[in-house]
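This report concerns only the one structure given below.
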Amino acid sequence: MLDLAGTSSLVTGGASGLGEATVRTLAARGASVVVVDLQDDKGEAVARSVGGGYVRADVTDAEQVAAAVSAAEEHGPLRTLVAAAGIGWAARTVGRDGSFASAHDLAAFSRVISVNLVGTFNCIRLAATAMGRTEPVDADGARGAIVTLASIAAYDGQIGQAAYSASKGGIVGLTVPVARDLAAIGVRLNCVAPGLFDTPIYGEGEAAEAFKDKLKRDVLFPSRLGYADELASMVVELLTNSYANAEVVRVDAGARLQPK
């Protein structure tokens, strides 16, 4: 098992939701966690509460991510990365009036791919580079581990999710080839595909609660939205289990999304 005590960890999108839950779980296991996000107030508060650090960075920016990795190295040898940063977008591929202008916005499609897929790869390549400079922690030559966050939308994308599903499908597709690349430096890579989790992304109030209640129809058992710490538990298991590599794990209570 990879011992997190005395190591540093980098979590992108760690200021809220699933990323925040992962930050807290890693810190509880002894890691010094650096939160990477664009939500300064929330990110700083989360980092402060776990005795870690916060770095404002756009995951698509090579220099900003490299600076975040360097900041994490100051907290101890960088052993783990969780790439949880991502954005969503909902739009149908063609518009109702049949005009070219009403077709899916191409810039929006590109932006989702850039943040979710290119940004994830940017973080992997730079964090893994830093991990490769550390001393191995065991006889196998292990130096670290990475977990990416995809989504069950990679498999069951709903109407309007072309951009989001494509980006998450790309993260799934990265898993095996990048794990093969990183084997040379003793770094493992796994991917978690979350289902429907109760996070701040859905907002608050009666309308939000009604929407979340509707989402539960696709969940097999237990018939509810997931709790963030249930996802974080799987992420940390994949980081620390020395024999987990090149795998995509759905954490979704058996959910299979309907078209809409």
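Could you check how many residues of the stretch 1-25 are of a type outside the set (V, I, T) and farther than 21 Å from R133 by Cβ?
Number satisfying all stated conditions: 11.
Take the conditions (1) farther than 21 Å from L78 by Cβ; (2) in a helix (DSSP H, G or I); (3) among the basic types (K, R); R224 misses just one of them, which is (2). Just so you know, in the stretch 39-53 the residues that are exposed (fewer than 12 other Cβ atoms within 10 Å of the Cβ) and of a type in the set (D, E, K, R) include one that is nearest to A72 (Cα to Cα), and it is D40. Cβ-Cβ distances below 7 Å connect the following pairs, each with a first residue in the stretch 202-221 that is free of Cβ contacts under 8 Å to residues at least 24 places away in the same chain, a second residue that is assigned to a loop (DSSP other than H, G, I, E, B) and of a type in the set (A, V, I, L, M, F, W, C), and a separation of six or more residues or different chains: K212/L225; L215/L196; L215/L225; K216/L225.
Condition check for S114 on (1) part of a loop (DSSP other than H, G, I, E, B); (2) touching a helix residue (DSSP H, G or I) at 6+ places or on another chain (Cβ under 9 Å); (3) more than 26 Å from E230 (Cβ to Cβ): one failure, at (1).
Against the test of being more than 28 Å from H104 (Cα to Cα), crowded, with 18+ Cβ neighbours inside 10 Å and at pLDDT 95 or above, the options L239, L149 yield a single qualifying residue, L239.
Number of residues in the stretch 125-170 that are part of a loop (DSSP other than H, G, I, E, B) and over 20 Å from V235 (Cβ atoms): the value is 14.
Within the stretch 78-92, one or more residues are within 16 Å of the chain's Cα centre (by Cα) and over 30 Å from A162 (Cα atoms).
Matching residues to (1) part of a helix (DSSP H, G or I); (2) modelled with pLDDT of 95 or more; (3) surrounded by 21 or more Cβ atoms within 10 Å (Cβ to Cβ):
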site: L26; (1), (2), (3): yes, yes, yes
site: V33; (1), (2), (3): no, yes, yes
site: Q64; (1), (2), (3): yes, yes, no
site: A68; (1), (2), (3): yes, yes, yes
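The values are calculated or read from the model by the stated rules, or taken from the named source; none is laboratory data. Everything quoted here is computed from the prediction, not taken from an experiment. Cβ atoms come from the backbone with ideal geometry, glycine included; neighbour counts cover every protein chain shown.
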